[in-house]
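A.B. asks: Here it is: the structure, laid out below.
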Amino acid sequence: MNILITSLIVYVIVFHVWAMVLEMFLWTKPLGRKTFGLSKDDAETSKTLAANQGLYNGFLAAGLVLSFFVANTDTAFTLKVFFLACVALAGLYGGITAKMSILFMQGLPAMIALALLLFAQG
């Protein structure tokens, strides 16, 4: 069970680091524009907002990474729960307001990891 939980959390971390890179550094580049379906003008106009969004994705990843390096198991557990809940809510909100695929790519893995983490703890 721990391997599955850790694997899901690592997926969430990698997903958010990649989202950060796309939004902060590749937004106006061909890969960023293609990924988000943006014209060159739309990408240029929204690049500051995208960079801000990317920074938040980086913070989510950093919080989960930190949870693996905290020696106190209760603190590590609390960090995992908090950041997975943040990711799950962001994925749910994104799925409702922007694109349903956000729910499945971002929200669902975090929700499953969170549920398994709480189940394993309790």
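A.B. asks: When the dipole is taken about the Cα centre of the chain, and only Lys, Arg (+1) and Asp, Glu (-1) are charged at their Cβ, what size is it in debye, to the nearest 20?
C.D. replies: Details: 7 positive and 5 negative charges, 49 e Å.
It works out to roughly 240 debye.
A.B. asks: Round to a whole angstrom and tell me the spacing of the C-alpha centers of the stretch 1-21 and the stretch 24-56.
C.D. replies: Taking the Cα centre of the stretch 24-56 as reference, the centre of the stretch 1-21 is 23 Å away.
A.B. asks: Per DSSP helix of 4 or more residues, -39500 (n - 2.57); summed, then divided by the residues of the chain. What does that give at 222 nm, rounded to the nearest 500? Walk me through the numbers on the way to the answer.
C.D. replies: Details: 5 runs with 99 residues, N = 122.
Helices in the chain give a 222 nm mean residue ellipticity of -28000 deg cm²/dmol.
A.B. asks: Per q in 0.15, 0.22 Å⁻¹, report the Debye log10 I(q)/I(0) for the stretch 2-121, using one uniform scatterer on each alpha carbon and no solvent.
C.D. replies: The calculated log intensity ratios at q = 0.15, 0.22 Å⁻¹ are -0.67, -1.19.
A.B. asks: In the Gaussian network model of the chain, springs joining C-alpha atoms below 10 Å, which of Met100, Met20, Met111 carries the largest mean-square fluctuation?
C.D. replies: Checking each option, the largest mean-square fluctuation is seen for Met100.
A.B. asks: For the chain, please report how many Lys pairs fall under 25 Å Cα to Cα, leaving out neighbours fewer than 8 apart on the same chain.
C.D. replies: Details: Lys29/Lys40; Lys29/Lys47; Lys29/Lys99; Lys34/Lys47; Lys34/Lys99; Lys40/Lys99; Lys47/Lys99.
Lysine pairs, 8 or more places apart or on different chains, close enough: 7.
A.B. asks: FRET efficiency for Lys40 and Ala85, Cβ-Cβ distance as r, R0 = 25 Å, nearest 0.05? Walk me through the numbers before you get to the answer.
C.D. replies: Numbers: r = 37 Å, r/R0 = 1.47.
The formula returns an efficiency of 0.10 here.
A.B. asks: May I ask you to sort Trp18, Trp27 by Cβ crowding, counting other Cβ atoms within 10 Å and putting the fewest first? Please report the intermediate quantities before stating the final value.
C.D. replies: Values: Trp18 14, Trp27 24.
Exposure proxy ranking, most exposed first: Trp18, Trp27.
A.B. asks: How much net charge surrounds Leu38 when only the other residues with a Cβ under 14 Å from the Cβ of Leu38 are counted, with Lys and Arg +1 and Asp and Glu -1? Each step should come with its number before you reach the end.
C.D. replies: On the way: positive: Lys29, Arg33, Lys34, Lys40, Lys47, Lys99; negative: Glu23, Asp41, Asp42, Glu44.
So the surrounding residues net to +2.
A.B. asks: Could you give the nm distance between label points at Phe69 and Val14, where each point is 7 Å from its Cα heading toward the beta carbon?
C.D. replies: 2.0 nm
Since every read-out is calculated from the coordinates, none of them should be taken as a lab result. Note that the coordinates shown come from a computational prediction; the quantities given were computed from them, not determined experimentally. All Cβ positions, glycine included, derive from the backbone under ideal geometry; neighbour counts span all protein chains shown.
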